[in-house]
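Submitted below is the structure of interest, expressed as structure tokens.
The values are calculated or read from the model by the stated rules, or taken from the named source; none is laboratory data. These figures come from a predicted structure and were not determined experimentally. In this analysis, Cβ positions are derived from the backbone assuming ideal geometry, glycine residues included, and neighbour counts consider all displayed protein chains.
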Amino acid sequence: MFSGRSGSPRHFIENDSEGLINQMSRERLPNKRKCETVEFKHAGHAFTLSCGYYRDGRLAEIFINSRHIGSPLESIARDSAILASLALQAGIHVETLRHALTRDHDGQPATALGAALDLLCKEHA
């Protein structure tokens, strides 16, 4: 459920296992914002990563698309980027997201989202 007026933070409201209500604020994005787009490969597939930023330079949102339009691969990549964007807007740092994702036996990212976050962290290091 969302609450709040235009221009104010939105709140995510959920019930926990004891019936208590937890709220998490989501910082509103500016209507016009800096955007960068890069292409990358993961697991032999080409992806496009687009990033939107808050006015202060913080990462605010990401979009991931593949050349396999309409495929399950692209759907998973797009949906994971939406969830990452919601987490970023709720104040979760990109490094926290990056470290929480699955890695393969060589320590490389197991998903397109993981590869995208690795790329972002290297670019902004």
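Going through region 69-89 one residue at a time, which ones are of a type in the set (A, V, I, L, M, F, W, C) and over 11 Å from the mean Cα position of the chain (by Cα)?
Result: Ile69, Leu73, Ile76.
Being assigned to a helix (DSSP H, G or I), among the hydroxyl-bearing types (Ser, Thr, Tyr) and within 19 Å of Gly44 (Cβ to Cβ) is the filter here, so list the residues in region 69-125 that pass it.
Ser75, Ser80, listed by residue number.
When you look at Ser85, is it at pLDDT 95 or above and of a type in the set (S, T, N, Q), yes or no?
So Ser85 passes the test.
Conditions (1) modelled with pLDDT of 95 or more; (2) under 12 Å from Leu120 (Cα atoms); (3) not in a strand (DSSP E or B), marked per residue:
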position: Arg33; (1), (2), (3): no, no, yes
position: Phe40; (1), (2), (3): yes, yes, no
position: Ala46; (1), (2), (3): yes, no, no
position: Cys51; (1), (2), (3): yes, yes, no
position: Gly57; (1), (2), (3): no, no, yes
